[in-house]
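Worksheet for the structure shown next.
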Amino acid sequence: MIQRVMERIVDQTIPQVVINNPRVDWSPAGNEVKPSPVNDLNTPAQAGADITTAREPDTRYARLLAIFHAERLADPYSPAASTFITRRFELDRQMSEARVQAMLEQGLSSPQFTAVARLIEKRLGRPLEPFDIWYNGFRSRGAYSEAQLDEIVRKRYPTAAAYHTGLPEILAKLGFSPERAAYLQAHIEVEPSRGPGHAMPPGMSGQPARLRTRVGPEGMDYKSFNIAVHEMGHNIEQTFSMNLVDHHLLAGVPNNAFTEALAMMTQGHDLEVLGLAKPDAASAALATLDTFWATAEISGVALVDMGVWHWMYDHPEATPAELKVATLGIAREVWNRHYAPVIHQRDATLLAIYSHMISDMLYLPDYPIGHLISFQIEEQIRKTDDFGGEYERMTKFGNVAPDLWMKNATGKPVGAEALLAATQRALSAVAK
Ligand SMILES: [Zn+2]
């Protein structure tokens, strides 16, 4: 049913009258609308005549077109990168679009994609459906329930200040030396946030990075802690890449995907930080398969995003309705080429559901690139067994070209091979 709702968001066939309206009931399958029998709002029920199934207008696509027209205004002022697409890839990411596309397609056309799909099918005991691109059955919390983890974290970190006081211990558990842990503690401020949390980089060398984290009246819960460890990963990168680079103009990392990769990798060690044992080999293998599957899903989403931007540049006078038809076509085409051979159903439009595609202008490719980079970094750290030393060595290299950064970090350029190789090992481990 949720899949049907998503399809109707993408093709904009949800009846206008059902949106934010508790007085009517809607059947997503048949798209029928009727007055709700549950109506205790003390307002007159709408007369049957008022209930039409007239669909919502093509607002989703009108918004995207408006953003496209705004971005296009910058084109004449950027002769070296004369479209938003080239600016996003070649200036922001320092990676060509062709290169990124090839990396994403490498994962989607790999034998590992088929093998993991068959494994999921076996675990579910039924043929795969399109919505199984969001299968989450590989994830585990180890031996602890979420409630138990909440309890442990609340006791340890009743306030944001307690997390700051705990930083040396947290960093030591990750593998930083006492001296480096103290250095990082002095450079990271921990503050309460209203939202789930975020990391604010220092604006100049010597200034602190800020870790904002949500702490409820009863203390920090596990969800907040998990996010705080992610944000702390950003803060460590921000501190080293601001203060330890050879030259101030090199401060930072090559692009967004790199800092996200470092943060995601750190976040993955959150249970070790709590001292709740290293994940065993079996759950580590499942975690690899989870990352692979998530990467395969978001790779297709990124390819649709890229296809839609090309279509807009090829059809700058398009109407929202025309953009909608084109987006549906591109989503089906990417699905039929990469997913239908593995999931055995054609013409799904789910890959076009992400709101990032409407509001964040070609941001989506950073997610699969981030997963790939994260895997390369994790492999290197696993090989050397020196989390603290390697984190520092990698991040103080600074904002150089992505492949240069990755060759310094791991000896290889940015690519999908590390994740594919780890997935292959995980598949054999799970089969045993
Ligand atoms: Zn992040």
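The values are calculated or read from the model by the stated rules, or taken from the named source; none is laboratory data. Just so you know, these numbers come straight off a predicted model, no measurement behind them. Methodologically, a virtual Cβ is constructed for each residue, glycine included, from the backbone with ideal geometry; neighbour enumeration extends over all protein chains shown.
Applying the criterion of being surrounded by fewer than 15 Cβ atoms within 10 Å (Cβ to Cβ) and of a type in the set (G, A, S) to the residues of region 192-231, the residue that is nearest to the ligand (Cβ to nearest atom) is G195.
Any idea which residue in region 243-272 is nearest to the ligand (Cβ to nearest atom), counting only those that are without any contact (Cβ under 8 Å) to a residue 60 or more places away in the chain and either under 14 Å from the mean Cα position of the chain (by Cα) or over 17 Å from P402 (Cα atoms) (or both)? Lay out the reasoning, then the answer.
Step one: filter region 243-272 for residues without any contact (Cβ under 8 Å) to a residue 60 or more places away in the chain, giving 243, 248-249, 259, 267, 270.
Next, only the ones that are either under 14 Å from the mean Cα position of the chain (by Cα) or over 17 Å from P402 (Cα atoms) (or both) stay: 243, 248, 259, 267, 270.
On the way: N243: 20, H248: 24, T259: 7, Q267: 8, D270: 14 Å.
Only one residue fits best here, namely T259.
Name the residue that is modelled with the lowest pLDDT, counting only residues in region 408-432 that are loosely packed, with under 15 Cβ neighbours inside 10 Å and over 23 Å from the mean Cα position of the chain (by Cα). In this case the residue turns out to be K432. Candidates K324, K383: the one that is of a type in the set (D, E, K, R), under 26 Å from W134 (Cβ atoms) and more than 24 Å from the chain's Cα centre (by Cα) is K324. Among the criteria (1) of a type outside the set (F, W, Y); (2) more than 16 Å from the ligand (Cβ to nearest atom); (3) within 16 Å of the chain's Cα centre (by Cα), the one H338 does not fulfil is (3).
Taking into account only those residues within region 273-313 that are of a type in the set (D, E, K, R) and at pLDDT 90 or above, which is nearest to Y391 (Cα to Cα)? Don't jump to the end; show me each part of the working.
Of all residues in region 273-313, those of a type in the set (D, E, K, R) come to 278, 280, 290, 297, 305.
If we keep only those that are at pLDDT 90 or above too, we end up with 290, 297, 305.
Working: D290: 24, E297: 28, D305: 32 Å.
The selected residue is D290.
Restricting attention to region 268-285, the residues that are under 30 Å from E129 (Cβ atoms) and surrounded by fewer than 19 Cβ atoms within 10 Å (Cβ to Cβ) add up to 4. Residue check: is A294 crowded, with 22+ Cβ neighbours inside 10 Å, within 16 Å of the ligand (Cβ to nearest atom) and in a helix (DSSP H, G or I)? No.
How many residues, within region 50-84, are of a type in the set (S, T, N, Q) and under 27 Å from D25 (Cβ atoms)? Let's see the steps before the verdict.
Taking region 50-84 as the starting set, the residues that turn out to be of a type in the set (S, T, N, Q) are 52-53, 59, 78, 82-83.
Pick out the ones that are also under 27 Å from D25 (Cβ atoms) and you get 52-53, 59.
Here the count works out to 3.
On inspection, E297 passes the criterion of being in the same structural domain as L419 (by TED's automatic domain parsing) and under 16 Å from the mean Cα position of the chain (by Cα). Can you report the number of residues in region 395-426 which are assigned to a helix (DSSP H, G or I) and either without any contact (Cβ under 8 Å) to a residue 60 or more places away in the chain or among the hydrophobic types (A, V, I, L, M, F, W, C) (or both)? Matching residues across region 395-426 total 15.
Does L128 qualify as being surrounded by 19 or more Cβ atoms within 10 Å (Cβ to Cβ), in contact (Cβ under 8 Å) with a residue 12 or more places away in the chain and under 24 Å from I298 (Cα atoms)? Break it down stepwise before answering.
Values: surrounded by 19 or more Cβ atoms within 10 Å (Cβ to Cβ): no; in contact (Cβ under 8 Å) with a residue 12 or more places away in the chain: yes; under 24 Å from I298 (Cα atoms): yes.
No; evaluated as a whole, the condition is false for this residue.
All conditions in (1) within 15 Å of the ligand (Cβ to nearest atom); (2) modelled with pLDDT under 95 hold for I236, with the sole exception of (2).
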